[in-house]
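Notes follow the structure.
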Amino acid sequence: MNVLIVYAHPEPRSLNGALKDHALAHLQRQGHAVQVSDLYAMGFNPLIDVGDNRASQPGVRFRVAEDSRQAYADGTQSPDIALEQDKLRWADAVILQFPLWWFGLPAILKGWVDRVYACGFAYGVGEHSDRHWGDRYGEGNMSGKRAMLMVSTGGWASHYAPRGVNGSLDAILFPIQHGILFYPGFEVLPPFVLHRTSRIDAEAFAQACTALEQRLDGLWSDAPIAWRRQNDGDYLIPELTLRPELAPGVQGLDIHLRDA
Ligand code: FAD
């Protein structure tokens, strides 16, 4: 199988760097082909701008989504965007690896999503009408591929428990897992998370590597998070609200789980 690791950490000797190296070596030992987009090492430009469409004309107003759609369709995208899209097409599974920074993605990885997820590639896909609101949330160009987050946090597991002061990790990761991964069609596996990173000594690191290996071995067999697909009939269209008879009395992000 083909695995793409999109990795965001500025220091190769970091904990994340060591885990990335371990994941790469383990996957290769198992016979998988692996590509790593090491965003800092690549000097990846995270800023969307008018230059992302090589056919843009001087003085013409930059329309972000429309320019993205046109450049994608016409083959005039900036080459660094097209290259990352090729890697996504190639991959059977994608791992986004990052330290949690301010409750979200490091800016360089968010910028990778902003630029690589072009209109027509990751959004704006399929029929858009009052009967069908695009191929998304379980459908789209990433259908058939799997994805998983590899995240480290300074906070403890209890800080991210359902009653933890930081808010539950499921809720914090929802925009990434549901919004960035499930939206274009990935099947999303539960995240691999390392908490309380400042306390990770050699022994804890070895345990983390063993746990990581198990998760990597389950990339094709572990059950994905069971979110409802947009176009399977659970949502009213075009309102795109969950049908009132489903998950009665349940509020919040959990309503999107099939067994809510
Ligand atoms: P490092 O700092 O590189 O290492 C962590 C520990 O692992 C060190 O003690 C190191 O000795 C040890 N270690 C053990 N084995 C190895 C090995 N083989 N190689 C390298 N190191 C090893 N945390 C939150 O919970 N929520 C937040 O919102 C949040 N926001 C942040 C925002 C910023 C800007 C920053 C800088 C940090 C934030 N943090 C937050 C903390 C952050 O998530 C952690 O610092 C990060 O996850 C640690 O990962 P690292 O790879 O940088 O670890």
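The values are calculated or read from the model by the stated rules, or taken from the named source; none is laboratory data. In this text, all values refer to a predicted model and were calculated from it rather than measured experimentally. Note that we place each Cβ from the backbone using ideal geometry, even for glycine, and neighbour counts take in every protein chain shown. Just the protein is used for accessible areas: all its heavy atoms, side chains included, with ligands, DNA and RNA removed. Shrake-Rupley method; radii C 1.70, N 1.55, O 1.52, S 1.80 Å.
The table below gives the values:
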read-out: Close pairs from region 2-16: first in contact (Cβ under 8 Å) with a residue 12 or more places away in the chain and open to solvent by 10 Å² or more (accessible area, probe 1.4 Å), partner within 10 Å of the ligand (Cβ to nearest atom) and β-branched (V, I, T), Cβ under 8 Å, at least 6 apart; value: L15/T197; L15/I200
read-out: Selection status of G140, of a type outside the set (S, T, Y), in a loop (DSSP other than H, G, I, E, B) and farther than 30 Å from A18 by Cα; value: yes
read-out: Residue that is away from the ligand (no atom under 16 Å from the Cβ) and of a type in the set (V, I, T), where the choices are V151, V94; value: V94
read-out: Identity of the residue in region 72-91, in contact with a Gly (Cβ under 9 Å, 6 or more places away or on another chain) and over 20 Å from N2 (Cβ atoms), that ends up surrounded by the fewest Cβ atoms within 10 Å (Cβ to Cβ); value: A73
read-out: In region 17-58, the residues that are of a type in the set (K, R) and either within 16 Å of the ligand (Cβ to nearest atom) or open to solvent by less than 70 Å² (accessible area, probe 1.4 Å) (or both); value: K20
read-out: E213 being loosely packed, with under 13 Cβ neighbours inside 10 Å and either modelled with pLDDT of 95 or more or in a loop (DSSP other than H, G, I, E, B) (or both); value: no
read-out: Top-ranked residue of region 120-149 - restricted to ones that are more than 21 Å from L257 (Cβ to Cβ) and of a type in the set (S, T, N, Q), ranked as nearest to the chain's Cα centre (by Cα); value: N141
